[in-house]
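Novice: Once you've had a glance at the structure underneath, I'll fire off some questions.
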Amino acid sequence: QVQLVESGGGSVQTGGSLRLSCVASGYTYSRYCMGWFRQAPGSEREGVATIDRYATPTYGDSVKGRFTISRDSALNIMYLQMNSLKPEDTAMYYCAAEKRLSYYCHSPGLRDSDFGYWGQGTQVTVSS
């Protein structure tokens, strides 16, 4: 029983920044691998970033150098700081937790099939 709620989405201009938050409740553990995924209309769900218990991050190639994932394990909060936003970043962003209990994220990672808990999503729109 894990509940995930995202917030922080909105509309920004190209080059702007947004900070997404994901609050977890229920039976949550710091050893869970957590991540962010996104999906644009008509597109496949894409892995954005993941973070393990030891704060080791993994990023998708399209966001490396622009996005930063972090977490506060004690408060069960995960963040995604998004800088230098582009119109291509426009999508619904989902918070997710890996379905297995582990201190590390599954390798190679960024696979949505490895995640069993999902939030409702928060919309990010970047204007050109």
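Novice: Limited to segment 4-44, what total is found for residues that are of a type in the set (S, T, N, Q), open to solvent by 70 Å² or more (accessible area, probe 1.4 Å) and assigned to a strand (DSSP E or B)?
Specialist: Initially, segment 4-44 is screened for residues of a type in the set (S, T, N, Q), giving 7, 11, 13-14, 17, 21, 25, 28, 30, 39, 43.
Adding the requirement that they be open to solvent by 70 Å² or more (accessible area, probe 1.4 Å) leaves 11, 13-14.
Keeping just the survivors that are assigned to a strand (DSSP E or B) gives 11, 13.
Qualifying residue count, segment 4-44: 2.
Novice: Right, another one. If you go through segment 1-40 one residue at a time, how many are under 14 Å from the mean Cα position of the chain (by Cα) and of a type in the set (Val, Ile, Thr)?
Specialist: 2
Novice: Within segment 93-111, take every residue that is touching a Lys or Arg at 6+ places or on another chain (Cβ under 7 Å) and modelled with pLDDT under 95 and give me the one that is least open to solvent (accessible area, probe 1.4 Å).
Specialist: Step by step, filter segment 93-111, then rank; the result is Ser102.
Novice: Give all pairs with beta carbons closer than 6 Å in which a residue from segment 70-92 that is within 24 Å of Asp52 (Cβ to Cβ) and modelled with pLDDT under 95 meets a residue that is open to solvent by less than 60 Å² (accessible area, probe 1.4 Å) and part of a loop (DSSP other than H, G, I, E, B); count only pairs at least 6 apart in sequence or on separate chains.
Specialist: Short answer, once both residue conditions are applied: Ser73/Ser30; Asn76/Thr28.
Novice: To continue, here is another question. Residue check: is Asp114 in contact (Cβ under 8 Å) with a residue 12 or more places away in the chain, in contact with a His (Cβ under 8 Å, 6 or more places away or on another chain) and not small (Gly, Ala, Ser)?
Specialist: Spelling it out, Asp114 is indeed in contact (Cβ under 8 Å) with a residue 12 or more places away in the chain, in contact with a His (Cβ under 8 Å, 6 or more places away or on another chain) and not small (Gly, Ala, Ser).
Novice: Within segment 58-79, is there a residue that is buried (at least 20 other Cβ atoms within 10 Å of the Cβ) and among the acidic types (Asp, Glu)?
Specialist: No, segment 58-79 contains no residue that is buried (at least 20 other Cβ atoms within 10 Å of the Cβ) and among the acidic types (Asp, Glu).
The values are calculated or read from the model by the stated rules, or taken from the named source; none is laboratory data. Quick caveat: nothing in here was measured; it's all calculated off a predicted structure. Here the Cβ is made from the backbone with ideal geometry for all residues, glycine too, and neighbour counts use every protein chain on show. Heavy atoms of the whole protein, side chains included, go into the accessibility calculation; ligands, DNA and RNA do not. Shrake-Rupley method; radii C 1.70, N 1.55, O 1.52, S 1.80 Å.
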